[in-house]
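The values are calculated or read from the model by the stated rules, or taken from the named source; none is laboratory data. Note that the structure is predicted; figures quoted are calculated from it, not measured. Neighbour counts are summed over all protein chains in view; Cβ atoms, including those assigned to glycine, are modelled from backbone coordinates with ideal geometry.
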Amino acid sequence: MAEIGFYHLTRTDELAALPALLTRTLAAGEKALVLCGSVERVAAVDAALWRVEWLAHGTAKTPHPEWQPVFITAEQANPAAARFLFLLDGVAADFTDFARVFDLFDGNDEAAVAAARGRWTLAKAAGHAMSYWKQGEAGWAKAG
């Protein structure tokens, strides 16, 4: 079973929050798969990771995806054999091959919050270890 963390974004968007979470992932010696809702979003995340905080990463257009510490995709393929999965844009995924899952969602969008609640319910019913993090003025706070 995967350890799934839901990250309720209230102060920044996913592109602003993602680099710090990925930096911690890489510091822990892990690889990350970032699953996006569209190929356009893959391009936006790709550009943001070079521009906002330089993080080595690749996409389907990058040679040797198996070497990439962070692989960004719109399809659930894991060529880098990452153990940490980051979900953006409300995408759902199969958690089977992942140790940790980070589900980032926009807390200022009621539809995104409702969809995240649905994903939480399904993951909890499947027996995954669950945690909930909310962005606050002082950073992330873990809630009950």
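Considering each of A99, A77 in turn, give the residue that is at pLDDT 95 or above and either of a type in the set (S, T, Y) or surrounded by fewer than 19 Cβ atoms within 10 Å (Cβ to Cβ) (or both).
Step by step, each of A99, A77 is checked, and only A99 is at pLDDT 95 or above and either of a type in the set (S, T, Y) or surrounded by fewer than 19 Cβ atoms within 10 Å (Cβ to Cβ) (or both).
Residues that are touching a Cys at 6+ places or on another chain (Cβ under 7 Å) and closer than 23 Å to A112 by Cβ: find the strands (runs of 3 or more DSSP E) completely inside region 1-93 holding 1 or more of those.
Per the criteria, 70-73.
For region 53-79: of the residues being among the aliphatic types (A, V, I, L, M) and in contact with a Leu (Cβ under 7 Å, 6 or more places away or on another chain), which is farthest from L33 (Cα to Cα)?
Ranking the candidates gives L55 first.
Only one residue in T73, T23 is within 17 Å of Q135 (Cβ to Cβ) and of a type in the set (V, I, T), so which one is that?
Selected residue: T23, the only one of T73, T23 that is within 17 Å of Q135 (Cβ to Cβ) and of a type in the set (V, I, T).
Report the residue count in region 126-139 for those that are aliphatic (A, V, I, L, M) and within 16 Å of A93 (Cβ to Cβ).
Residues flagged as aliphatic (A, V, I, L, M) and within 16 Å of A93 (Cβ to Cβ) within region 126-139 amount to 2.
Filter region 110-138 down to the residues that are closer than 16 Å to T12 by Cα and in contact with a helix residue (DSSP H, G or I) (Cβ under 9 Å, 6 or more places away or on another chain) and list them by number.
Passing the criteria: only Q135.
Could you please find all residues in region 1-56 being under 10 Å from V70 (Cβ atoms) and either crowded, with 21+ Cβ neighbours inside 10 Å or among the aliphatic types (A, V, I, L, M) (or both)?
Within region 1-56, L18, L22, T25, L26, A32, L33, V34, V45, L49, L55, A56 meet the criteria.
Return the pair list, or none, for Cβ contacts closer than 8 Å from residues in region 22-48 that are charged (D, E, K, R) to residues that are in a helix (DSSP H, G or I), at least 6 apart or on different chains.
Matching pairs, first to second residue: K31/T25.
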